[in-house]
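The values are calculated or read from the model by the stated rules, or taken from the named source; none is laboratory data. Note that the structure is predicted; figures quoted are calculated from it, not measured. Here the Cβ is made from the backbone with ideal geometry for all residues, glycine too, and neighbour counts use every protein chain on show. All accessible areas refer to the heavy atoms of the entire protein, side chains included, with ligands and DNA or RNA removed. Shrake-Rupley method; radii C 1.70, N 1.55, O 1.52, S 1.80 Å.
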Amino acid sequence: MASSSQSVSTVESAKRAAAYAAVDAYVKPHHQLIGIGSGSTVPYVVERIYERGEKVNNSCRFVPTSFQAKNLIIERNLNLGDMDTGLQLDVTIDGADEVDASLNLIKGGGACHLREKVLAEAAKEFVVVADFRKMSMVLGENWRKGVPVEVAPFAAKHVLKSLERLGSTDAKLRMAVAKAGPVVTDNGNLCIDAVFPESIMRNPDHLLKQIKLLTGVVEVGIFTNICKAAYFGNEDGSITRQLPDGSRVRM
């Protein structure tokens, strides 16, 4: 039986493998604007980009989705960019909490999904990196915490009731772990996690649109029709590349 330390090592190795493969495939020397996502796999993305060398990276700006991503960029002495220029990004590489068979995603476990979706939509190509635990057939199969929903604080209770009317079996405000009170996003909003039954999750695009129409909702952690490819690091050291047509190929 594998020890817990061995299990952690396996997962981290899988994250690194996926991140390196995605950077090698989608980050090109001529790129000038690159979106850097959030989550536990992203440090390996930045690590691989850094390894390209100062000569290549000096001509590029890196746009973060979160405080975490911003710190990673600064720590590696990469050029920090922002979205104020309104320019299109060459590529955005981000993590995901779950990826289904059609490349639909759940994101927002770190409550950064508003900024993550902006950078995903602003990029010519949006690519996801994750480990084998994030792969599923239907959203909600592995990620059991619910759909992350960023809401204006004033509207939180109203949105909670509205989510229940849409069919959520368990919708609640996300509470902080190391502080008293709810989680506050980088945008000063609150986050709700709403669990829906599989019958509803099988049509994520429809659910996304329904939730987005609720007054008080800022953004929803369901990403559909936007991901170009997903790279999963596997336990045996191999990588699985998934495309929008649902094909999953081991590399």
Checklist line | Within straight-line cross-link reach of LYS228, aspartates and glutamates at Cα separation under 19 Å, skipping those fewer than 8 residues along the same chain | finding: ASP24, ASP90, ASP94, ASP97, GLU98, ASP100, GLU116, GLU121, GLU125, ASP131, ASP205, ASP245
Notebook entry, point to check: Under a Cβ-Cβ cut-off of 11 Å, what is the net charge of the residues other than PHE67 that fall near it, where Lys and Arg count +1 and Asp and Glu count -1?
Noted result: +1
Checklist line | Length gained when the stretch PHE67-PHE154 is fully extended (0.36 nm per residue, less Cα-Cα span) | finding: 28.9 nm
Check: Leaving out ligands, DNA and RNA, what percent of the accessible area of the chain is carbon and sulfur, probe 1.4 Å?
Finding: 53 percent
Item checked: Label point distance in nm, HIS30-VAL249, each placed 7 Å from Cα along Cα→Cβ -> 2.3 nm
Margin query: Connecting C-alpha atoms closer than 10 Å in a GNM of the chain, tell me which of VAL177, VAL159, VAL45 has the biggest fluctuation.
Written below: VAL177
Check: Among ILE106, ILE74, ILE192, whose mean-square fluctuation peaks in a Gaussian network model of the chain (Cα, cutoff 10 Å)?
Finding: ILE74
Margin query: Output needed: percent of Cα pairs per 10 Å distance bin for the chain, bins running from 0 to the one holding the longest distance.
Written below: 8, 31, 35, 22, 5, 0
Next item on the list: Tell me the label-point distance for the pair ILE226, SER238, using the 7 Å Cα-to-Cβ offset, in nm and rounded to one decimal.
Entry: 3.1 nm
Next item on the list: Quote the FRET efficiency, to the nearest 0.05, computed for ASN187 versus SER9 with a Förster distance R0 of 25 Å and r equal to the Cβ-Cβ distance.
Entry: 0.10
Notebook entry, point to check: Scanning the chain for trypsin sites (Lys or Arg not before Pro) in DSSP loops with at most 11 other Cβ atoms within 10 Å, what's the longest stretch left with none?
Noted result: 1-143
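Helix by helix through the chain, keep the DSSP H runs that span 27 Å or more along the axis on Cα and average at least 1.0 on Kyte-Doolittle, and give those back in order. Don't skip to the answer; put the middle values down first.
Details: long enough: 4-26 (33 Å, -0.04).
Helices passing the filter in the chain: none found.
Listed here are the pairs LYS55/LYS107; LYS161/LYS209; LYS117/LYS161; LYS179/LYS212; LYS70/LYS107; which of them are more than 23 Å apart at the Cα? Before the final figure, lay out each step's value.
Numbers: LYS55/LYS107 33 Å; LYS161/LYS209 17 Å; LYS117/LYS161 25 Å; LYS179/LYS212 29 Å; LYS70/LYS107 18 Å.
Where the Cα-Cα span goes over 23 Å, the pairs concerned are LYS55/LYS107; LYS117/LYS161; LYS179/LYS212.
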